[in-house]
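Chemist: I have a structure here, written as structure tokens, and I will follow up with some questions on it.
The values are calculated or read from the model by the stated rules, or taken from the named source; none is laboratory data. Keep in mind the model is a prediction, meaning the values are calculated, not measured. Cβ coordinates were reconstructed from backbone atoms using ideal geometry, including for glycine residues, and neighbour counts include every protein chain displayed. Only protein heavy atoms, including side chains, enter the accessible area calculation; ligands, DNA and RNA are left aside. Shrake-Rupley method; radii C 1.70, N 1.55, O 1.52, S 1.80 Å.
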Amino acid sequence: MTQIPSKTDILAFIADNPTQAAKRDIARAFGIKGADRVLLKQVLREMEAEGLLAKRRSSYRDAQKLPPVSVLLVEAPDADGDIYARPVDWKDAAPPPRILMTLKSSDPALGAGDRILARLTATPGEQHAYEARMIRRIGTNPERILGVYRAGSDGGRVMPIDKGSSNEFIIPAGATGGAKDGELVEAEQTGPKGRMGLPKAKIVSRLGDPTGPRAVSLIAIHQHGIPDHFPDAVVAEADAAKPASIKGRTDLRQIDLLTIDPVDARDRDDACYVDAHDDGSFTIWVAIADVAHYVTPGSELDREARNRGNSTYFPDRVVPMLPDTLSGDLCSLHENVDRACLAVAMKVDAHGNKISHEFHRGIMNSIASLNYEQAQAAMDGNPDDKTAPLVETIIKPLYAAYAALAKARVARQPLDLDLPERRIELDEDGKVTAVNFKERLDAHRLIEEFMVLANVCAAETLIAKKTPLLFRVHEEPSPTKLDALREVAEASGLVLAKGQVLKTAHLNRLLAQAQGTDADELINIATLRSMTQAYYNAENFGHFGLALLNYAHFTSPIRRYSDLIVHRALIAAHGWGKDGLSPWDIEHLDETAKQISDTERRSMMAERDTTDRYLAAFLSEHVGAEFGGRISGIAKFGVFVKLDGTGADGMIPIRNLGREYFHYDADTQTLTGSETGHTIGLGQRARVRLVEAAPITGGLIVELLELDGRTQPKGSPTGRGKPPRFKQGSAKKKNAKTARKVSRVRKAR
């Protein structure tokens, strides 16, 4: 009888011989003949059942690896212009591996939706799992577009709502799906470009009046693919959930915890209480909703929450990560009801330095649900009936502990950007009534400081207990971006020191130099643009912006899956139950980090697009009006001006800047006139006229009237009259490279 190879040996053979992995190839390689083939077949079936192998027609492959030649679906280029793809036949519950396309000059241009046959090379240690070289294109997935249907004599057209798209789709008669003229629809491409140069499509979904009440956020939800309906199985699990019992938990109901949230908050996932000591120290309690008790590993709720990654917030609605049964009820720390929680007691000295901390899994009962304005008014001497009894015993100790933490914050020097947040106010019909900036109260800062400290404690505890977790990572700016920020600072007469290890304190000194000067807003914008984007990772690279070595999100598990993972890690580390981190959670931690970092960016883009559309709707009644503003962005195709008052970004197309051609410098974020050498850069004051406001796309087109107090010469946008006389900037001398770029701009125009 021939020795049947072990499962490890079989996997090793397949890895070394991916093109010879049929059952007969495996049998031949190990000398298996006759009746022993039945035993080999049995082993291979066991490996399939265990998920070690995946059968692909008549051959096998390692289930954890993609075959060396795969069919891929090309995705849209990312912000850096890199093109990624994903396997077409991926059926695992985990996110597909990231595949970077490496294209040769002879390869055809690829676009989102292209299906290609490609050869893969594993890239261990990189952020992407594979690199792919194209063999050939084998077709495309039907492209979908969200737009407004315009009826014609024989069918119609769909006009896209995406600002970045210019493609219209022809809708033949019989493919309109009953859509009416002016309706918001979703269309799917059915054929290539025809005689008129436009692709054919059919309408697959009607979404109603695009200008109707609350349609703006609906557009963003569909455009960005945000799941907004829970599957029946998920709702059924949520509906079956019951309140947690006290058994096995610490009874925290004697602690006077309360919640402080926005006035319109539906879910309350954090509560706090402070015990002030005679020696000037404090014990700060932070209790967080115990979502892990209800959303257990591998459940339908868990899979859906991981898929969503986070809740998405719009001015008129929330797309929650969890069904309302949990997010708005059982998990929410409402006043005067028992609720399951994970709590941390943090002792700090009079200077806000943490002395110790301890975690508990408990049951709490909130004594009050306050809003920020209510808490602040009480502290300022204007309590209402609800807060009056709480001022001396509850509210003042909260603020005293915050004052101590503020001292530690000054010593730590986290990045101190001053970037006001807009608030869109709507009436009952969903129409914008006002655009204001959110007021920043000490009540907001108090809760933020408590939450930051709790997040640090969670990370430190799990590191000490050697338990896997997801860190919130914010890496320091790249040298290239710092050099660009330094150039902007020097052009404004300010200094950002060079030749030292960068700390947030250095950036704060720059921001302090700019405070109160004409360069204030410019330096804040430029500093923000120099920052990298925060993300989740199973490895700890620190949080640069907060100036913290160890940081993990712990405080918002109702709306962030990252926090749920950290809760499970704490449960596992303390042995608090069987609902802690599962083996699957640990094995797929990297994939989860990538998944929820992506969903976070998706939500940010959807929220930003929604704000742009609301602002365009609000300003559409002011076309022709003049506004002051500052240059907030520079691109090859034009200049963005942030308008005073609303903070909306209007675009000046580059063709309207003047009769000369403009050289774009990505490093310094400037446009420089090819004839005059005059420079348009971030932060310059501008006066503009609103030319066009498109609520459907969120686009604003403005005309430049003045720049840094200088009038735009008449006729120059159309190529007549004198060249524009803008304020001389710090443009570099033209060289051969600049000349070549200017030449390319001329050809493009």
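Chemist: Normalised by the empirical 2.2 N^0.38 Å for globular proteins, what value does the Cα Rg of segment 582-626 take?
Modeler: Working: Rg = 19.2 Å, N = 45, 2.2 N^0.38 = 9.3 Å.
Against the compact-globule rule of thumb, the ratio is 2.06.
Chemist: Any idea of residue 679's accessible area? Nearest 10 Å², probe 1.4 Å.
Modeler: The value for residue 679 is about 10 Å².
Chemist: Tell me, in nm to one decimal, what length is gained between residue 399 and residue 6 on full extension, where the rule is 0.36 nm per residue of separation less the Cα-Cα distance?
Modeler: Working: separation 393, 0.36 × 393 = 141.48 nm, distance 6.48 nm.
Roughly 135.0 nm would be gained on extension.
Chemist: Here is a further query. Taking 0.36 nm per intervening residue step and subtracting the Cα-Cα distance, what contour gain separates residue 107 from residue 371 on full extension?
Modeler: Values: separation 264, 0.36 × 264 = 95.04 nm, distance 5.81 nm.
Contour length minus Cα-Cα distance gives 89.2 nm.
Chemist: Calculate the all-directions average of the projected area of segment 378-432's alpha-carbon convex hull, and give it in nm². It would help to have the intermediate numbers written out before the result.
Modeler: Working: hull surface 27.1 nm².
Result: 6.8 nm².
Chemist: Mark the label point 7 Å from the Cα of residue 190 along Cα→Cβ and return the residues of segment 103-122 whose backbone N is within less than 17 Å of it.
Modeler: It comes to no residues whatsoever.
Chemist: Also, I was wondering about something else. So, for the chain, what is the accessible surface per residue at a probe of 1.4 Å, expressed in square angstrom?
Modeler: Working: 36250 Å² over 749 residues.
Value returned for the chain: 48 Å² of accessible area per residue.
Chemist: For residue 33, give me every one of the aspartates and glutamates with a C-alpha distance below 20 angstrom, ignoring sequence neighbours fewer than eight places off in its own chain.
Modeler: 9, 25, 46
Chemist: Moving to a separate point now. Hey, with R₀ at 30 Å, roughly what FRET efficiency would residue 240 and residue 334 work out to, going by the Cβ-Cβ distance, to 0.05?
Modeler: Working: r = 20 Å, r/R0 = 0.68.
The calculated FRET efficiency here is 0.90.
Chemist: With the crude spin-label approximation of a point 7 Å out along Cα→Cβ, what separation in nm comes out for residue 86 versus residue 131?
Modeler: 2.3 nm
Chemist: How much net charge surrounds residue 290 when only other residues with a Cβ under 15 Å from its Cβ are counted (Lys, Arg +1; Asp, Glu -1)? If you can, show how the numbers build up before the last one.
Modeler: Values: positive: 242, 247, 249, 253, 268, 339, 361, 559, 560, 568, 578; negative: 251, 267, 269, 270, 302, 329, 338, 563, 579.
Once all neighbours under 15 Å are counted, the net charge is +2.
Chemist: Given a 1.4 angstrom probe, I'd like the percentage of the accessible area of segment 428-507 that is carbon and sulfur, rounded to a whole number.
Modeler: Looking at segment 428-507 in its full context, I get 50 percent from C and S.
Chemist: A further question on this structure: Taking the Cα atoms of segment 559-608, what is the range of coordinates along each of the three principal axes, in descending order and whole Å?
Modeler: Principal-axis extents of segment 559-608 (Cα, largest first): 41, 20, 11 Å.
Chemist: Roughly how many whole Å is it from the C-alpha centroid of segment 617-673 to that of segment 202-278?
Modeler: After rounding, the separation between the Cα centres reads 38 Å.
Chemist: When all C-alpha to C-alpha distances in segment 432-589 are sorted into bins of 5 Å, what percent of pairs does each bin hold, rounded to whole numbers?
Modeler: 2, 8, 14, 15, 15, 13, 12, 9, 6, 4, 1, 0, 0
Chemist: Follow-up question, since we're still on this one. Before anything else, pin down the relative contact order of segment 320-412: Cα pairs under 8 Å, at least 6 apart, normalised by residue count, whole percent. Walk me through the numbers before you get to the answer.
Modeler: Numbers: 97 pairs, mean separation 23.3, N = 93.
After rounding, I find 25 percent.
Chemist: Could you sort out which of 594/642; 65/202; 347/503; 354/465; 247/466; 466/578 sit more than 30 Å apart by Cα distance in this structure?
Modeler: On the way: 594/642 32 Å; 65/202 37 Å; 347/503 27 Å; 354/465 19 Å; 247/466 27 Å; 466/578 18 Å.
Over 30 Å Cα-Cα: 594/642; 65/202.
Chemist: What percent of all Cα-Cα pairs in segment 325-438 falls into each 5 Å bin, going from 0 up to the bin containing the maximum distance?
Modeler: 2, 9, 11, 12, 16, 21, 17, 8, 3, 1, 0
Chemist: Compactness ratio of the chain: Cα Rg over 2.2 N^0.38 Å, N = residue count? Each step should come with its number before you reach the end.
Modeler: Details: Rg = 29.3 Å, N = 749, 2.2 N^0.38 = 27.2 Å.
Dividing the Cα radius of gyration by 2.2 N^0.38 Å gives 1.08.
Chemist: While we're looking at this one, here's another question. Between residue 71 and residue 275, with labels modelled 7 Å along Cα→Cβ, what's the label distance in nm to one decimal, could you check?
Modeler: The answer from the label model is 6.4 nm.
Chemist: Right, here's the next one. Sort 437, 554, 13 by accessible area with a 1.4 Å probe, largest first. List each step's numbers first, then the result.
Modeler: On the way: 437 90, 554 0, 13 35 Å².
Largest accessible area first, the list is 437, 13, 554.
Chemist: Spin-label point model (7 Å from Cα, Cβ direction): what's the residue 204 to residue 691 distance in nm?
Modeler: Between residue 204 and residue 691, the label points sit 3.7 nm apart.
Chemist: Computed over the Cα atoms, what is the radius of gyration of segment 414-472 divided by 2.2 N^0.38 Å, N being its residue count?
Modeler: On the way: Rg = 18.2 Å, N = 59, 2.2 N^0.38 = 10.4 Å.
Normalised Rg, Cα atoms only: 1.76.
Chemist: Now, a different point. Would you tally the net charge around residue 447, using a Cβ to Cβ cut-off of less than 11 Å, leaving residue 447 out, and scoring K and R as +1, D and E as -1? List each step's numbers first, then the result.
Modeler: Working: positive: 445; negative: 261, 270, 442, 448, 449.
Net local charge, residue 447 excluded: -4.
Chemist: With the cut-off at 1.5 for a/c, could you classify segment 427-512 from its C-alpha gyration tensor as rounded, prolate or oblate? Present the calculation step by step, with values, prior to reporting the outcome.
Modeler: On the way: a/c = 2.21, a/b = 1.05, b/c = 2.10.
Oblate, since a/c reaches 1.5 and b/c is not below a/b.
Chemist: Next question. Would you mind telling me the share, in percent, of accessible area of segment 209-279 contributed by carbon and sulfur at probe 1.4 angstrom?
Modeler: Taking all protein chains in place, segment 209-279 shows 49 percent carbon and sulfur surface.
Chemist: Relative to the present Cα-Cα distance, how much length would full extension add between residue 386 and residue 121 at 0.36 nm per residue of separation?
Modeler: On the way: separation 265, 0.36 × 265 = 95.40 nm, distance 6.43 nm.
In short, 89.0 nm is gained.
Chemist: Also, quick follow-up: Can you compute the label reach from residue 460? Point 7 Å from Cα along the Cβ direction, backbone N cut-off under 20 Å, restricted to segment 279-304.
Modeler: Residues 279-288 fall inside that zone.
Chemist: Report the FRET efficiency, 1/(1 + (r/R0)^6), for residue 151 and residue 425, where r is their Cβ-Cβ distance and R0 is 30 Å, rounded to 0.05.
Modeler: Values: r = 35 Å, r/R0 = 1.17.
Using R0 = 30 Å, I get an efficiency of 0.30.
Chemist: Given contacts defined as C-alpha pairs under 8 Å and at least six residues apart, what's the relative contact order of the chain, whole-number percent?
Modeler: Answer for the chain is 9 percent.
Chemist: Using just the helices of the chain, give the 222 nm mean residue ellipticity in deg cm²/dmol: DSSP H runs with n ≥ 4 each add -39,500 (n - 2.57), and the total is spread over all residues, rounded to 500. Write out the running numbers ahead of the final one.
Modeler: Working: 16 runs with 203 residues, N = 749.
Taking each H run of at least 4 residues, the total per residue is -8500 deg cm²/dmol.
Chemist: Follow-up. Using a 1.4 angstrom probe on heavy atoms only, work out the carbon and sulfur share of the accessible area of segment 305-401 in %.
Modeler: On the way: 1740 of 3620 Å².
That share works out to 48 percent.
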